[in-house]
1. When a/c reaches 1.5 or more, the comparison of a/b and b/c decides; with that in mind, is region B:62-183 rounded, prolate or oblate per its Cα gyration tensor?
2. Under the definition of partner shielding as Cβ atoms of other protein chains within 10 Å of a residue Cβ, what is the mean value for peptide F:77-84?
3. Report ³J(HN,Hα) in whole Hz for each residue of region E:165-175, in order, from the Karplus equation J = 6.51 cos²θ - 1.76 cosθ + 1.60 where θ = phi - 60°; Gly and Pro get x.
4. What percent does the relative contact order of chain E come to when contacts are Cα pairs within less than 8 Å and at least six residues apart?
5. Might you report the magnitude of the Cβ-based charge dipole of the protein assembly as shown about its Cα centre, with Lys and Arg at +1 and Asp and Glu at -1, to the nearest 20 debye?
6. What is the Cα coordinate range of region B:1-67 on the first, second and third principal axes, sorted by size from largest, in whole angstrom?
7. If region C:156-235 were replaced by its equivalent ellipsoid, with semi-axes equal to the square roots of 5 times the Cα gyration tensor eigenvalues, what would those be, largest first, whole Å?
8. Enumerate the amide H contacts of F:Gln123 below 5 Å, restricted to partners 5 or more residues apart or on another chain; note that Pro and chain-start residues carry no placed amide H.
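What follows draws every value from the coordinates through simple rules; no lab data is involved. Please read these numbers as outputs of a predicted model, since none were measured by experiment. Positions of Cβ are backbone-derived with ideal geometry, glycine not excepted, and every protein chain shown enters the neighbour counts.
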There are 6 protein chains.
Amino acid sequence: MTELRLDGRTNDQLRPVTFERGWSKQAEGSCLVSFGDTKVLCTASFTNGVPRWMTGKGKGWVTAEYSMLPRATNSRSDREAVKGKIGGRTHEISRLIGRSLRAVVDMKALGENTIVIDCDVLQADGGTRTAAITGAYVALADALEWGRANKFIAQKAVPLVDSIAAVSVGIIDGAPMLDLAYTEDVRAETDMNVVATGRGLFVEVQGTAEGAPFDRRELDSILDLALAGTAQLTEAQKAALA
Amino acid sequence: MTELRLDGRTNDQLRPVTFERGWSKQAEGSCLVSFGDTKVLCTASFTNGVPRWMTGKGKGWVTAEYSMLPRATNSRSDREAVKGKIGGRTHEISRLIGRSLRAVVDMKALGENTIVIDCDVLQADGGTRTAAITGAYVALADALEWGRANKFIAQKAVPLVDSIAAVSVGIIDGAPMLDLAYTEDVRAETDMNVVATGRGLFVEVQGTAEGAPFDRRELDSILDLALAGTAQLTEAQKAALA
Amino acid sequence: MTELRLDGRTNDQLRPVTFERGWSKQAEGSCLVSFGDTKVLCTASFTNGVPRWMTGKGKGWVTAEYSMLPRATNSRSDREAVKGKIGGRTHEISRLIGRSLRAVVDMKALGENTIVIDCDVLQADGGTRTAAITGAYVALADALEWGRANKFIAQKAVPLVDSIAAVSVGIIDGAPMLDLAYTEDVRAETDMNVVATGRGLFVEVQGTAEGAPFDRRELDSILDLALAGTAQLTEAQKAALA
Amino acid sequence: MTELRLDGRTNDQLRPVTFERGWSKQAEGSCLVSFGDTKVLCTASFTNGVPRWMTGKGKGWVTAEYSMLPRATNSRSDREAVKGKIGGRTHEISRLIGRSLRAVVDMKALGENTIVIDCDVLQADGGTRTAAITGAYVALADALEWGRANKFIAQKAVPLVDSIAAVSVGIIDGAPMLDLAYTEDVRAETDMNVVATGRGLFVEVQGTAEGAPFDRRELDSILDLALAGTAQLTEAQKAALA
Amino acid sequence: MTELRLDGRTNDQLRPVTFERGWSKQAEGSCLVSFGDTKVLCTASFTNGVPRWMTGKGKGWVTAEYSMLPRATNSRSDREAVKGKIGGRTHEISRLIGRSLRAVVDMKALGENTIVIDCDVLQADGGTRTAAITGAYVALADALEWGRANKFIAQKAVPLVDSIAAVSVGIIDGAPMLDLAYTEDVRAETDMNVVATGRGLFVEVQGTAEGAPFDRRELDSILDLALAGTAQLTEAQKAALA
Amino acid sequence: MTELRLDGRTNDQLRPVTFERGWSKQAEGSCLVSFGDTKVLCTASFTNGVPRWMTGKGKGWVTAEYSMLPRATNSRSDREAVKGKIGGRTHEISRLIGRSLRAVVDMKALGENTIVIDCDVLQADGGTRTAAITGAYVALADALEWGRANKFIAQKAVPLVDSIAAVSVGIIDGAPMLDLAYTEDVRAETDMNVVATGRGLFVEVQGTAEGAPFDRRELDSILDLALAGTAQLTEAQKAALA
């Protein structure tokens, strides 16, 4: 681990992480999160009430949509709105973000309120889904405070049971590596996204052998690295929300 | 004109205008433009070559797509990608931006290159289409310079024959007013968008009676106001590109 | 202006305009309008009641859809239904027709009734949108009479506050010209559609520099021509409805 | 059969049939056909060349699309373009028209040329598909003549091997009836569309028990009626094309 | 008729027909039907209640959807879900199956219950629509029994007024032939699908001249063959349901 | 682990697994796989050649599509073809199957050939994606043999570098459990799908906390169980292919 990565990081080091909390004047909660050059605008829209099929159960709902601007990436992609359909990758990530956030929300404590999270990638350099989850948590926390301040959530209710953060890990030339930038991501033999709570419990573990299949020892090494990474992100979230 | 507008402006005053040129690390040209609280990310993607049906004519192509993030506005809108179709308003504005930019590009001088402009509204407070055109011009200018620096455009070629800027004007309670914010826009009896070149010639004039129809004298008064506004925007563009 | 146009008209002359009122046995109001070889079938469908989101406000609604038969034009276009989406031009024109008609309807006087205007271009030779608006007004007027005769509109109510007509104007080889036929339209440097009321007030002014940008003096000259044109169309509508 | 039908016809009588040949100035062949109040605009668009997958086989192609204007019927239907998809009924009829016309075209004699038939129902009163087929034949014949006159079809080639016409028949209150108007169609126990050539041979026979199933004798009686009807339509087509 | 068909059948012989009743553990009624190598999985889903627009009329509803697995056929077809739209052929067959089944159901006796029939072709070798109808009847009969057993249908009600079966017939080299396999179907000059009730009455007769048009005598000969075929299928259905 | 599961299994026991190899007469490789009551028809379609963008690289391509029949499940779902779009879950699973199979294929050894895998769930009782992957491997192996037998793959080439199988594991009431049936799946706190090669290496690990987040020890316990399960499935695949 003596040799540094292209951007000068050690293998177990995160990229610089920033949160511009309250970026949007319109949304109840918002955060422009950066993981290095990856920038995602996360907004949390709070609505009193729930979809008709959930009415009367005394529970709320949290959902998420992810999208990438056409020129967030190095070469321009066609807009999904123009193509008239959402691609598989977009669907997959939207669902992942929604599940991850719901894992730390007590729907009873939220009450019959709906929060829609939008994560729009303005600039992409690897790790857009993990940045999105990590930033969306900050936007979500602010939207919940807004809901409390506006009396839609009971004063004593504790809708957030934990915090949530996510990071990517991978194996490159046999070495475990944290928070892959795009040029690292395309070289990785194995690529994993880990979503974990502030208490250090797993919510999602999604590992894929892009090159060679991986063994149990390799899996263990990147899981270790991931939990160390999400612990740091948890601290950064706390600082941002302080 | 002694009474000031809600945000303290006089009737013939623009909102603060800023251009963050080169906002995107990925695009050949880019600009985050603000007209007050309206913020639009404009990227210009330069590709060598033209669509097949244009090949061999020695001419280039410039096109544009406009979109709004779901929570750019005060209440969240559904994503067009999720609905599976582009709405009429989006289509209309995309076409307007494309026509406006093409009006100042010499396609022969551009050569067989394509520029796709993306204008994504990150935050909306009225005048998103006029901000988009005005900012897109800056992104376009940088993308053309990139094309020249990378030898895709001949050194002597002058693809930009003029600059282009746009502003909204309206009549509120009988008074002509420049650069309407959202709360003004909804109250306007007449609403007009004017696109003009740096030399002060019209490229587009789109006026609509939202409330009462307007007469020739009223039309004249807002056309005057609009040309004064685009002249100021032209200066701001020059400063940004200096 | 001594030289005549291809079809023998002077620059300030409309093409022959005809209205076949009541063309359709099915619709509450209908009109097959011709501006020269441009033929548009306009139907106005009257329904008692309004969309759910408007119920209980004591106001009505008027909306419009425009479409072109695939072989209305010189070469066949694919059907939008087959492509599975409405194009930007169609959207734009449908919205324009709807706004234009609503400008002369008092929604309170209409009461909770809905009128859907369909403008289907059977044959196109330039000016389809202006013919559509001009003919749709006749269909609308008849549908409103039907609504009154059938007691859906109060006897004393005056839902039509004015009449509405539209015409295209342009600048060709520097000369202002009224009501462009297709071969003229493709040659025009500037192309403008003007929608005006019977009283001579503007409802829409949409000018586009197709070739060179235009100056204020040129704009003034075509606005004059347009108002003269809509005044003649207003007379023709009156005669048709007499 | 002494009692007459609502519109005064005997059971074995067609409605008045008219063909306005050459209705469209744009299409190579066209015909506005009426079967009573059912009016269908049929255009035949002739293009030199065939789709890529057919190139080089020395054979042509004929295809058809059917559509109904939204207010062709007594109550307005939503446009398929707006809904974003073609309905089953439209698909079914488009395919039927295409097959029917291809049955009388010698594709070798047509050569590598494509004819697209568009049948747009302007007003509907039952029998729109049979009127469409019968009128489309006239438009097709004219488009083929255009192709010959323009040297795309060899002088000696005989692309039309027969003529084609179609009629609906049904059983109402036990009585076989020819060419059903809409009010008859909804009452029919059995409804059949028959497409036959000028020589009296069947191309399509599509019978459906809308009410009670039908027996062999009933089937025979309506087949007789249908062949008598198509024979009359064949004469009317000959007269129109003379 | 002395020469046998490719698979050893005489011209008036059906392929081996089997019904695997109750194939699905999930559906209220189900049947895997085979006509030779054509295999269709038919499920009947019983739901208490009807669509909103039918509520309160005391009548039920039966509808059907047909689809083919992408590799049911000799070469793979694209999935309609992937293409984002249902093809014309699929629409046509779904509608045919629905109409055929409704012809033998007394909707009053069914009561306010809905049955959705799904016919998914697992393997195709000609006659998929006729196998689908014939098998769907068995699934429908079981779903109706399930509805009765579960008290959604009154004990005395007789929702099935007859049975229904379907078979294809054709003319190959001038000879009438029953139940065409795929290789026969592509060679047939005329192709007809006949749907008939257990009592021998017609519900649908759909004949198409794929090659040469056919005359009345040929039509008669294949109608005879078809009724003989559906009579045998009716017996096989009875045996399966015994 | 003394208490047995609802279906009588121990916690570390698979459901009965069967492979009906060669189920389809049409596909180059096929397999109807069952994991208990979950039944998936897997076909592998072999085509000589690759998509245009891959031509000339000497490499092949393997892709997969997953779908569920509408009544595979306990209550009927709408068809994605009817809805006009593929859902997120379907997209996600199709991509997972494709990646999993590609992990064991040497694309150079496959040569410029394409294999499309279709996995259609005929009956669902939990674990449809793991059954699909496990069965698809058998279909793939047969399609590759077909390619070799038909000389599209070189005799010495070894396109399959390993075998691949998948299984679900979960934690229910704190206990790790193998191969969840549907009723178990809905109760699981944690749900994981593991795809592993015949050599016991991981290709995909996808774990989700459906209820409470899970800790590292729990993760380890289900990974152990999963590898034991895929080892048994590997044996079953070998037996089926013997």
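1. oblate
2. So the per-residue partner count for this stretch is 6.
3. Per residue, the Karplus-derived 3J(HN,Hα) values read 8, 9, 8, 9, 9, x, 10, 10, 6, x, 9 Hz.
4. 21
5. Magnitude of the dipole: close to 0 debye.
6. 59, 27, 19
7. Over the Cα atoms of region C:156-235, the semi-axes work out to 26, 12, 10 Å.
8. F:Lys39
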